[in-house]
Every structure is written in structure tokens, then in C-alpha cells.
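The values are calculated or read from the model by the stated rules, or taken from the named source; none is laboratory data. Worth saying up front: this structure is predicted, and the values here are computed from it rather than measured. Don't worry about glycine lacking a Cβ; one is built from the backbone with ideal geometry, like all the others, and counts go over all protein chains shown. Keep in mind that these areas ignore ligands, DNA and RNA; they rest on the heavy atoms of the full protein, side chains included. Shrake-Rupley method; radii C 1.70, N 1.55, O 1.52, S 1.80 Å.
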Amino acid sequence: MSRSTTPLVTSRQADLTAAFLSCRNQTLRLADGLTDADATVQSMQDASPSKWHLAHTTWFFEEFVLVPGVPGYRVFNPHFRFLFNSYYETVGARQPREQRGLLSRPSLDEVKSYRAHVDDALLHYLVGPVSAAAEDLIELGIAHEEQHQELFLTDILHLFAQNPLRPAYRPGFDVARMHETRAAASWIEFPGGIVEIGHSGSGFGFDCERPAHAVLLRPYALAERPVSNRDWCAFIAAGGYGDPRWWLADGWAAVCAGGWDSPLYWRREADEWLQMTLHGERPIEPEAPVHHISYYEADAFARWSQARLPTESEWEAAARGQPVRGHFADSAHFRPRPRSAEPDGPLRQLYGGVWEWTASPFLAYPGFQVAPGAVGEYNGKFMCGQFVLRGGSCATPPGHIRPSYRNFFYPGQRWQFSGLRLAEDR
Ligand SMILES: [Fe+2]
């Protein structure tokens, strides 16, 4: 005689448990080899200390999942709500962003204990009955932590770049593995027309990717590959950084105020350009995509090239036909430095390698709805003055990116792995 039983753990809970464990372990691995000092210091307001990333991602699960969902849950330390809230006005007061680097306490070890405390509680929670809304929040917390994994890398690179010793975060890799891409980029044409962009609603997506909607595109073309360091050296040699004709007014002001003459982390020594990387300071790799440039620089390069930046709709319409495959921060082959690559589709290196600036401001899609509760602050309140980047980078966790994925930064920011791909009208 058979008898039916109700499984204690649903398949979604099992999937979330596996994804949670994998994500949490990967974040901890990123901190391997860092001293407490490395993990505490803050190099600028935009960048956060490693220790803060480790704790803030943990606080997210504690604040939004465990406190409201687990009766009698004991918070690890009631002060952490102040220390590790990022920007949630709904939650309350918090440590000023520019003072995150003053948190010499709690220690790195204590933050790791905090992580273990929250991990235990969340894994225990996931073996009991969990509402769909709570499951959605856990899924959001995992995607949120993956975003911070990328920021962890970009922020430690910025920190180490301030150190005259040019420390390497991880050992280097063999530059000889680079694939040659000397030829000028060719163009891939697209017919335009009415196309659908945005998240379909199937599977996870951030609120800003929704809803899917139709847009009208004129015929256009995208460059077959991202702009390379070699291309960028030609722009520098042509006096691109010294010629206001190519620059937006705000961009020219940034060039003058910052003394920009090359991408962030570039330094000229004799006849050679060097670049600070997560492998220490290394010679520029000419064939690799250029990265660590601002929107202003991307736009100026496009004007100088007699081309333009693509819109995010053009980018997404072109990406729909390509598999999401590329150079991501794969923990098994961890090489967080963009490199040249074999052709992997009609549009080479569309995913991974470098984020690609688009000409599109980060705005709400038609029909955009803010999520209820504090997590409604996640994206919507940042829809002013920023530009969309697409495709992910070598610092983005694998599996994190979708065709509809929208990253966004202010036009003067350049500490991310940001590059560009040219577009033109047809
Ligand atoms: Fe965050």
C-alpha cells in the first residue's frame, strides 16, 4: 500500500537553498587573503570596504527575511542595523556612506561570525513552510549579494590602485592566451522595426527590467566587437582628451577638473602604458576591450569615431538572438581582467568582459511598478541622472546576467569594468 506525503521542502525551497549556499560561499571566497586592514579601508565615497560588503549583504537577509519572517529570531547585533543599512530610508538612520571606512570595529572575524549566524538561521528557515513572498525576497537577496560580489572586486581594485606598492589581489594570468583581434571592427546590421524589450516575467528579474514592452527602432548597426585598448590608444594619440569638440560640456568639465588623459588606472612609463589590475600593475593588452572609462569618455570616443553609442533597446534587440555566454567571474577560472576572445557569435563579447555604456538614461519602463515595502527602494529611486550599461563584465558572477539586465551608473563614474561598443544609423 502506498501513502502520499507532503514534502517538507518544496523544489523552489531546495533550489533557493542551493543558490543561497553557493552565493554565500562565493562571497566569502572573495575575501580570502585579505587582511582586516585591507577589508576595512574605504578608498572613496563610491567604493565600500570589503568588510562592509560582507556585512551589508548579510544584513539584507536579516532585515528583510529573518526579522519579519521568523518568530523569535535573535538579531546578531542590534547596532548592525545602523552600520550596514545602505540607503533604505524606510529602515531608518544609518552610517554615512562616506564614513564606512571608519568602521574598524566590528572586526573581519566578527563580520564572518555574523554571516554564519544569519546563514544558519536562513537555512533553518528554508526547511519549514515559507511564503511565496518570502521566497521572492530570498531570491532578491541572492541577486543583491551577487551584485555586491562585483562591487567587492571593483572596490578592492580601486583601493589597491591607491597603494604605491600596487598589490595584486590575485595572481596574474598568461597574457599569451589573448586572442588576436587586430582588424578594425566590422558592422552587423539590424533592421529595426517594432521589437519587444524588457523582462518577460518568467524567472527572476529586477523590478527595473519590467514590464516587457514594444519599442520602435530605426535600422541600425552595431560594431562586431567592443572598442579595444588599441583603438583607445589611437584616440589618445589623436589628442582626443585635449579636444573639446568631442566632449559633452559636463564631460569636458570632468576632463579638465580630473586631469583625465587616459582611462582610470592607466599610467604611462617611458613608451608604455601600464594599467592597474586585480593582478597588480600590468602592461596594457592592446587586443582586449578598453575598460574603466566613464560615459563621457565613451561618448567622446564615439563622436571622434563618427559613430554613436547604442541605445539600450538596440543593444537588447541585438542580444536576444545570442546565448548568454562570455567572460564572467567564474570561480573555477577566476581571471577578473577583460581579455580579447575568439568570435563567440555575430557580435563578439556581447556578454561578459566589459559592461557596455549605452546612450539611454536609466528611466522607468512604461508601466513600471515599485515593489511594496522597503525593497521598493531597490532601483526606482535611482532613476535620475544615470545611464544604462548592458552585458555584464569579467567581475560579474556567472548566471547573473539576462538580455534584459540593466546596470546603471552616473556618467562621470569609471571605477567599474565599463567599456563600449559603437553603433551607427543605417
Ligand atoms: Fe546593497
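Brief remarks on what is shown
- Placing unit charges on each Cβ (+1 for Lys and Arg, -1 for Asp and Glu) gives the range 187-425 a dipole about its Cα centre, and among Phe328, Pro191, Tyr410 the Cα reaching farthest toward its positive end belongs to Phe328.
- Share, in percent, of DSSP beta bridges within the chain that are antiparallel, nearest 5: 85 percent
- Using R0 = 51 Å, the C-beta based FRET efficiency linking Gln162 and Asp425 works out to 0.75.
- Using the empirical formula 2.2 N^0.38 Å as the baseline, the Cα radius of gyration of the range 11-161 reaches a ratio of 1.01.
- Computed from backbone phi with θ = phi - 60° and the Karplus coefficients 6.51, -1.76 and 1.60, the 3J(HN,Hα) list for the range 335-347 is 9, x, 9, x, 9, 6, 8, 4, x, 10, x, x, 9 Hz; x is used for glycine and proline.
- All-pairs alpha carbon distance profile, the range 217-282, 5 Å steps from 0, percent: 3, 13, 19, 21, 18, 15, 7, 3, 1, 0
- Computed over protein heavy atoms with a 1.4 Å probe, the carbon and sulfur contribution to the accessible area of the chain reaches 55%.
- For the range 60-125 versus the range 318-368, the gap between their alpha-carbon centres in whole angstrom: 32 Å
- Dipole magnitude of the range 187-425 about its Cα centre (Cβ charges: Lys, Arg +1; Asp, Glu -1), debye to nearest 20: 320 debye
- Our summary gives the range 11-161 a relative contact order of 40 percent, counting only alpha carbon pairs under 8 angstrom and 6 or more residues apart.
- Note on Leu216 and Asp15: the extension gain reaches 68.6 nm, defined as 0.36 nm multiplied by sequence separation minus the Cα-Cα distance.
- Every Cα-Cα pair of the chain was included, and the share exceeding 28 Å stands at 51 percent.
- Note that the chain presents 43 Å² accessible area per residue, ligands and nucleic acids not counted, probe 1.4 Å.
- Of the whole protein surface, Phe382 contributes about 50 Å² of accessible area at a 1.4 Å probe radius.
- Accessible area (Å², 1.4 Å probe, nearest 10) - Thr311: 50 Å²
- When all protein chains stay in place and ligands, DNA and RNA are ignored, the 1.4 Å accessible-area order of Cys233, Cys394, Cys384, largest first, is Cys384, Cys233, Cys394.
- Segment Ser131-Asp330, length gained on full extension (0.36 nm per residue, minus Cα span): 68.5 nm
- Extended-chain gain in nm, criterion 0.36 nm per residue less alpha-carbon gap, Ile188 and Arg97: 28.5 nm
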